[in-house]
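Reading through the structure tokens given below for one structure.
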Amino acid sequence: MTTKGKEPDKEPYKPEAGSVGIVSEQFLTLFVPPRELELDCGAKLGPIRVAYETYGKLTPERDNAILLLHALSGDHHAAGYYTPHDRKPGWWDNFVGPGKAFDTDRFFVICSNCIGGCRGTTGPSSINPETQKPYGLSFPFITIKDMVNVQKGLIDRLGIKRLLCVAGGSMGGMQALQWAVSYPDFVHSVIPIATTAIHSAQNIALNEVGRQAIVADPNWKNGDYYDSEPPSRGLAVARMVGHISYLSDQSMHEKFGRRLQNRERVSFNLLTDFQVESYLQYQGASFTQRFDANSYLYITKALDYFDLSDGRPSLIAALKGVKARFLVIAFSSDWLYPPYQSKEVVKALKMNGIPVSFCEIKSDYGHDAFLLECEQQTEMIRGFLNNLSKESLTYAI
């Protein structure tokens, strides 16, 4: 995903009104042997360290907790700043803070880094306690359900008996849907945004191109590169492919058109001619500074394995036991997870008599609209949560 933040300033950024301000990472160790996490693949994993952040205050009744779930390249830093000198806030800062969609004056908001990642939660780059070396490819393969099970362990450790809401965009939306199915008595409401209930052939194809770019990089070394040069070229290409899928045709046209990069005519060689080429190269290179190639392989596999029906005869059957109410949001120009896929979720929910609101927002931003279309999403999320708050006065923890 692209991330939205302030452009670099000469002066350190000063948190503005509505910001949660300075925040700190927190860590917990869960699933300590002999109580390891049993994964979908059949393996066991533990201990698992979980990185997370919280914003706002938990009520004495512990009934105002909202769990936010990040996308493929996101992390637990959803809002605020680590230092007054940070140039960019968390990835969903426009939505999390006092008076914002997820109002931290009212709600206790939690965001954790997913298992398999590289931003503090146990993943392929973490040290295997048995070998005292990075897991690399010895790390077991994970699923969206495994991510949710780790989050459930975190929420249990925080002493929260029921979540007022789980919400997320893209891969975060898949986790939100999985929460509703895996823990129906634990979730009061769900907001899946720009997501799907099953990864399509096109989704898998795009991810496979990225994975092949990584494994073809001679620095990948079958995943054992942590004491040498990482496969940055392969990871950069993977990011470039992914980034194309995050933008719409219209947004790329408006952003770049066929404008040339620092030249007046095409070069007739392999140099960078067009602005869009330069942009993708920049996005790919910068991504390699913050993300691990093996994590990219594992998380994209988890995405490709995602099928909410999970062996059941249909999506309707998968959602049969769900008890949460839903707000489903899609975007008109999202071709990675097109609106029809959200409508399939909505239809299956309605077939089960589950309360659901749906909105398709007209937007030219493509898949990244869930990060950028702030005004309409805020209005819908705020209204949805306001109604929940009234209901929450009556539901029993």
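A few remarks follow.
- Top positive-direction residue, dipole computed over the chain with Cβ charges, set L37, T288, L315: L315
- The mean of 1/r over all distinct Cα pairs in the chain, once inverted, gives the Kirkwood hydrodynamic radius of 21.7 Å.
- Given charges at Cβ of Lys, Arg, Asp, Glu: region 118-158 dipole, positive-most of I155, Q132, T143: I155
- Relative contact order (%) - region 292-384, alpha-carbon pairs under 8 angstrom, separation at least six: 27 percent
- A simple count of charges around L39, restricted to other residues whose Cβ falls under 11 Å of its Cβ and scoring Lys, Arg +1 and Asp, Glu -1, yields -2.
- R290, R265, reordered so the largest accessible area comes first (probe 1.4 Å): R265, R290
- In order along region 77-93, phi translates into HN-Hα couplings of 8, 7, 8, x, 10, 7, 9, x, 9, 4, 8, 10, x, x, 5, 10, 4 Hz, rounded to whole numbers, per the Karplus curve 6.51 cos²θ - 1.76 cosθ + 1.60 with θ = phi - 60° and x for Gly and Pro.
- Cα lying deepest toward the dipole's positive end in the chain, options S200, Y226, P60, charges on Cβ: P60
- Share antiparallel - DSSP beta bridges, the chain, percent rounded to 5: 40 percent
- With a threshold of 28 Å on the Cα-Cα distance, the over-threshold entries among K152/K320; K255/K350; K152/K221; K57/K343; K145/K347; K57/K301 are K255/K350; K152/K221; K57/K343; K57/K301.
- When peptides 108-120, 154-166, 228-240, 305-317 are ranked by their average number of other Cβ atoms within 10 Å per residue, the highest-first order is 108-120, 228-240, 154-166, 305-317.
- Taking amide H as placed 1.01 Å from N in the peptide plane, A71 has its amide H under 5 Å from the amide H of G172, each at least 5 places away in sequence or on another chain.
- Amide H within-cut-off set for A65, under 5 Å, with H built and near neighbours excluded: F108, L164
- Taking Cα centre as origin and charging only the Cβ of basic (Lys, Arg, +1) and acidic (Asp, Glu, -1) residues, the dipole magnitude of the chain rounds to 500 debye.
- Placing unit charges on the Cβ atoms only, positive for Lys and Arg and negative for Asp and Glu, gives region 206-354 a dipole magnitude near 660 debye about its Cα centre.
- Peptides 85-91, 204-210 ordered by average Cβ neighbours within 10 Å, highest first: 85-91, 204-210
- Inter-site label distance for R87 and E277 at 7 Å from Cα along Cβ, in nm: 2.5 nm
- Inter-site label distance for R259 and N386 at 7 Å from Cα along Cβ, in nm: 4.0 nm
- Phi-based couplings in Hz for region 53-66 (Karplus 6.51, -1.76, 1.60; Gly and Pro marked x): 10, 10, 9, x, 10, 7, 5, x, 7, 6, 10, 10, 8, 10
- A viscosity of 1.306 mPa s and a temperature of 10 °C, combined with the Kirkwood radius over Cα pairs in Stokes-Einstein, give a translational diffusion coefficient for region 235-365 of 88 µm²/s.
- Across region 71-174, C-alpha contacts under 8 Å between residues 6 or more apart give a mean separation that, scaled by the residue count, equals a relative contact order of 20 percent.
- Of the peptides 67-74, 38-45, the ranking by mean beta-carbon count within 10 Å, highest at the top, reads 67-74, 38-45.
- Average Cα contact separation per residue, region 34-94, under 8 Å, 6 or more apart, as relative contact order %: 20 percent
- A P(r) calculated from all alpha carbon pairs of region 70-209, with 10 Å bins opening at zero, reads 10, 36, 36, 17, 1 percent.
- Rounded to whole numbers, the Karplus 3J(HN,Hα) couplings from phi for region 253-258 are 5, 5, 6, 10, x, 10 Hz, using 6.51 cos²θ - 1.76 cosθ + 1.60 with θ = phi - 60°, and x at Gly and Pro.
The values are calculated or read from the model by the stated rules, or taken from the named source; none is laboratory data. All values reported here derive from a predicted model rather than from experimental measurement. In this analysis, Cβ positions are derived from the backbone assuming ideal geometry, glycine residues included, and neighbour counts consider all displayed protein chains. What goes into the accessible areas is simple: the full protein's heavy atoms, side chains included, and nothing from ligands, DNA or RNA. Shrake-Rupley method; radii C 1.70, N 1.55, O 1.52, S 1.80 Å.
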